[in-house]
Amino acid sequence: MLSAIIGVSTIIVFSAFSEAQLEQKSFVTHSGQVIQTSGDVLDPLYAASTVEFDPMDYLREFNYGRISQLPDGTTLREFTIIAEDDKIQEISPGVFYNVWTFNGTVPGPTIRAIEGDLVRIHFINNGSKSHTMHFHGIHPAVMDGVFETVGPDGGRFTYEFEAGPVGVHPYHCHVMPLEEHIVHGLYGVYIVDPKEGRPPADEMIMVLNGFDTDFDTENNFYAANTIPFYYQHHPIQIKTNELIRIYVVNMVEFDPINNFHLHGNLYNYYPTGTSIVPSTYTDMITLSQTERGIMEFQYKYPGKYLFHAHKVEFSEKGWVGIFLVDNPDQKSQTGIDYGN
Amino acid sequence: MEIKSYNVKTIASGIIPFGFLVIMILYLVGPSSNLLEFGVSLPEITIEKVEFVNSEIHVTVRNTGPIPVKIAMADVNDRIQPAAIEPDKSLERFETALVRIPFSWNKSEPYTIGITLDDGVRFDKFIEAATPAIKSDYQLAGFFAIIGTYVGVIPVMIGLLWLPFIKRIGKNKYNFFLALTVGLLIFLGIDAMLEGFEVSKENLSTNFNGGLLIITIALLSFLGLYYSAEKLTSRTGLTASSKPFAIGLMIAIGIGLHNLGEGLAIGAAIGLGQVALSTFLIVGFALHNTTEGIAIASPLAKTKSPVSKIILLGLIAGAPTILGTWIGGFFYSPYTAIVFLSIGAGAIFQVALVILKWIYQSEQKLVQTSIVSGIGAGMLIMYLTSILV
C-alpha cells in the first residue's frame, strides 16, 4: 500500500517535472551559447522559418513562358503576370508587412528568354492602385511601362518586345510614387540568354532586397531573396568542382550601395551579364540600385561557406547565407564536419 | 415612513444619472456599435527599464498603446539579436514583459536597444553608458547607506549647528532666516516636481499623463498634510513653545520626503548606470542639503528644545535619503520615483505655507525687506548649490 502511494506520487511528481521541462524553450546565440527561457523565443536567426514565401524554391525557378513559333520562325514566349497590393505577408518570423506582388510573390517570377525571342506579357492589374511593368533592356517607348499606367481592379496591358540585350535585368513597377511601389515588392528578374547558351552550371537567382517595415525610409530587414537569414539556417547545397552561376540583382532602396562577399573563394564577375568576358575576378562586388550581374565560381573544398553583404549592418539584419559544399566523390566526408 | 421614501428618492436621484452614463458608454463601445470606428489604432510600447547583467541585457517593456501587441524581435544598436521574452510575447494593454537579450556588452559604452512589433514598427531606447546592474547584496546596501549618510544625514546635522547662531540674532534677522527657509523650500518643491517631470518624460508613456499625475499627487499630498497638520495643532491646544517644534517637525517630515526622492534619484542613477557617482556629486548634494538643516533650525530658534529632539528632527529629515538610495538602487521603477517626488513636493509646499502663516501671525504683514530678501536669498542659495550637483 505504502509502496503504491510512493509509486503513484513519484509518477505524479515525475510527470509534473517533465511538464516543467517541456515548458522550457531554448535558443542559440551568435556565440553559440544555448539559452533557456520559460517564455517565448524572439529569434529570426536560427528558428526554422515558417514564412509563406520559400526562398529555396525561388532560388532555382526560371520561367520560360508558353512557347510557340511565329510564322517567321521566331520563338514567342508568353507570360501572364498579375499585380496585387493587398497581401499581408510574414516577411520575417513574427513580422507582418503589406507586400505588393507580381504573381503573388516578392520578387515576382523570373522571366527567361533567349536573345531575339519575342516576349509577350499579358499584364493584369488586380490591385487597388495603378501599376505597370517596366523592363530594363531595349524596347519601343510604348512598351516602357512608364506613361501607359494600367488602372486598378482588372486593368490590362500587353507588353511585347524582342528579348535583348543578353544579360540579367530587373523589371519593376514604374508608377509614381516610384519608391513606394518598388519598396513594397513590385520587382523581379528578367534574364536574356545568348543564342549559343552559357556553359552548363548550377544556376541561381539572388535578388538583394530589403523592407522598411516602419516607414522611416530606412530598411529594417535585408535579405537575399526576401526572407532575412533564410539561407543561413537553410544552407544552399552545392557540389565541389561544379560551376555555380548566380544572377544577382540589387533591388535595395534607401541605402546607396549593397555588396556581395563570398567566403573561401573568388568569382568571375560579368557586370549586367552583357559580355561573355568577365570584368573581374574577386570576392567582393559593390552594387548600386538595380545594378546587377552574373557571378561564376566553383568550390574546391567541401564545407560550409558564408556569403553576405560586407556592409555588415545589412548582414546583421538578414542579408547573410551559407553554401554547404558537398564532395560527391567522398560520401563519408560530410560537408558539415569538414574543417570544424 | 416618510423619511424612508425620502431616502429612496435621494438614492434613486443619485443613481439614475449614473445609469444613463453606463447606457451611453455601452452604446458607444458595445459590440454592435460602429459609431467610433474611425481612425487607426496604433500599437505602442514603452521601454521602461534596461539592465545590463552578466552577458545579457534585460529590457522591461510595457504595452502603453490602445490595443494588444505582439513582440516580434529585439535588436542591439539596430542589429538583430536572438532573444527571449518572458512570460510571453503577447502583451495586453499595460502588461509588461522582460526581454532577455544575450549580448556580451562592454562596460560604459552607449547602447540603443530596439524592440520590433509584429507590424514591423520598432521602438528604441538609448542608454548613455552600460553599467552592470546592481545585485542586492549587503556590501552594496552598506555602500548606499554610507552615501545616504554623507548626502542626507550629516549635512542636515551640520545645518542644525547654526541653531545657536540663529538664537542670538535680532528679530529682523531672525525673520530673514525664516524667510530664507521658505525660499529654500519653494526651490526644493519646484526642483522635486521638475525632476518628476523629467523621469516621466524619459521613462513613462504619454498614456499615463505623467505631468498630471505629478501635479495631482503633489496637490493631494499638500492638502492632506495641510489638513492633518491643522487638525493636529488645533486639537492639542499647543503652547507657545510647542508650536515651533510642531512646525520644525513638519519641515523635517517634508524635507525627509524630499530627501527620500533625492536618495531614490541617486540610487537609481547608480543602479541604471546613468551617472558615475563622483565624489564631486556627493559634495554637491551635501552642500545643497546643509541648507535643509537651517530650514529646520529657524523655527526652533526662539524656543528651548532639548538637543535629543533636535537630533531626532535631523534624523527624520536626513535618514530617508538612505532608504531612498536602497529603494532606488535595488527596486527602481519610474512610478515609485514619481510618486515619492510628488509627495515630497506637496509636503514641502505645505511646510513653506505654514512658515509664511507663522511669520504673518507674528508680524501681521509679509512685505518686509527681511522677508522678501530672505525668500530671494534662499532660492538663490539653492540654485547656486544645485549647480554643483
Subject >> Single match in B:L180, B:L194, B:L212, B:L184 (criterion: open to solvent by 20 Å² or more (accessible area, probe 1.4 Å), farther than 21 Å from B:E44 by Cβ and part of a helix (DSSP H, G or I)) >> reply: B:L194
Original post:
Of the conditions (1) under 23 Å from A:I191 (Cα atoms); (2) not in a strand (DSSP E or B), A:R245 fails just one. Which one is it?
Top reply: (2)
**OP:** Collect the residues in the range B:293-327 that are under 16 Å from B:I348 (Cβ atoms), under 23 Å from the mean Cα position of the chain (by Cα), crowded, with 23+ Cβ neighbours inside 10 Å and not small (G, A, S), keeping them in residue-number order.
**Re:** B:I294, B:I296, B:L313, B:P320, B:T321
**OP:** Give the residues of the range B:138-166 that are at pLDDT below 80 and open to solvent by 70 Å² or more (accessible area, probe 1.4 Å), sorted by residue number.
**Re:** B:Y138, B:Q139
Original post:
Does any residue of the range A:259-279 turn out to be within 16 Å of the chain's Cα centre (by Cα) and within 23 Å of A:T105 (Cβ to Cβ)?
Top reply: yes
**OP:** Sort through A:D57, A:D117 and tell me the only one that's without any contact (Cβ under 8 Å) to a residue 12 or more places away in the chain and acidic (D, E).
**Re:** A:D57
**OP:** Say whether the condition of being over 30 Å from B:G254 (Cβ atoms) and touching a helix residue (DSSP H, G or I) at 6+ places or on another chain (Cβ under 8 Å) is met by at least one residue in the range B:98-114.
**Re:** no
Subject >> Which listed residue, of B:T96, B:T131, is β-branched (V, I, T) and under 30 Å from B:T290 (Cβ atoms) >> reply: B:T131
Subject >> Neighbours by Cβ (under 8 Å, 6+ apart or cross-chain): first from the range A:23-44, more than 7 Å from chain B (Cβ to nearest Cβ) and closer than 21 Å to B:K70 by Cα; second open to solvent by less than 70 Å² (accessible area, probe 1.4 Å) and outside any strand (DSSP E or B) >> reply: A:K25/A:G39
**OP:** Give the residue, chosen from A:Y64, A:Y97, that is farther than 22 Å from B:I101 by Cβ, open to solvent by 40 Å² or more (accessible area, probe 1.4 Å) and of a type outside the set (D, E, K, R).
**Re:** A:Y64
**OP:** State whether the residues of the range B:356-370 include one that is without any contact (Cβ under 8 Å) to a residue 12 or more places away in the chain, within 30 Å of B:S205 (Cα to Cα) and not in a helix (DSSP H, G or I).
**Re:** no
Original post:
What tally of residues in the range A:162-200 results from selecting those that are open to solvent by 20 Å² or more (accessible area, probe 1.4 Å), closer than 19 Å to A:P109 by Cβ and in contact with a Leu (Cβ under 7 Å, 6 or more places away or on another chain)?
Top reply: 0
Original post:
Quick one: is A:T217 within 19 Å of B:T116 (Cα to Cα) and either of a type in the set (K, R) or open to solvent by 30 Å² or more (accessible area, probe 1.4 Å) (or both)?
Top reply: yes
**OP:** Would you mind telling me which numbered condition in (1) within 14 Å of chain B (Cβ to nearest Cβ); (2) in a strand (DSSP E or B); (3) open to solvent by 10 Å² or more (accessible area, probe 1.4 Å) A:Q237 fails?
**Re:** (1)
Subject >> Total residues in the range A:255-267, condition open to solvent by 50 Å² or more (accessible area, probe 1.4 Å) and either hydrophobic (A, V, I, L, M, F, W, C) or closer than 23 Å to A:I191 by Cβ (or both) >> reply: 2
**OP:** Could you please let me know if B:V59 is more than 7 Å from chain A (Cβ to nearest Cβ), open to solvent by less than 10 Å² (accessible area, probe 1.4 Å) and out of contact with any helix residue (DSSP H, G or I) (no Cβ under 9 Å at 6 or more places or on another chain)?
**Re:** yes
**OP:** Filter the strands (runs of 3 or more DSSP E) completely within the range B:78-150 down to those with at least 1 residues that are within 28 Å of A:S26 (Cβ to Cβ) and away from chain A (no Cβ under 14 Å).
**Re:** B:111-117, B:122-127
Original post:
Going by the conditions given, is A:V252 outside any strand (DSSP E or B), open to solvent by less than 40 Å² (accessible area, probe 1.4 Å) and modelled with pLDDT of 95 or more?
Top reply: yes
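The values are calculated or read from the model by the stated rules, or taken from the named source; none is laboratory data. Nothing here was measured: the structure is a model prediction, and the numbers come from that model. Here the Cβ is made from the backbone with ideal geometry for all residues, glycine too, and neighbour counts use every protein chain on show. Accessible surface areas use protein heavy atoms only, side chains included; no ligands, DNA or RNA. Shrake-Rupley method; radii C 1.70, N 1.55, O 1.52, S 1.80 Å.
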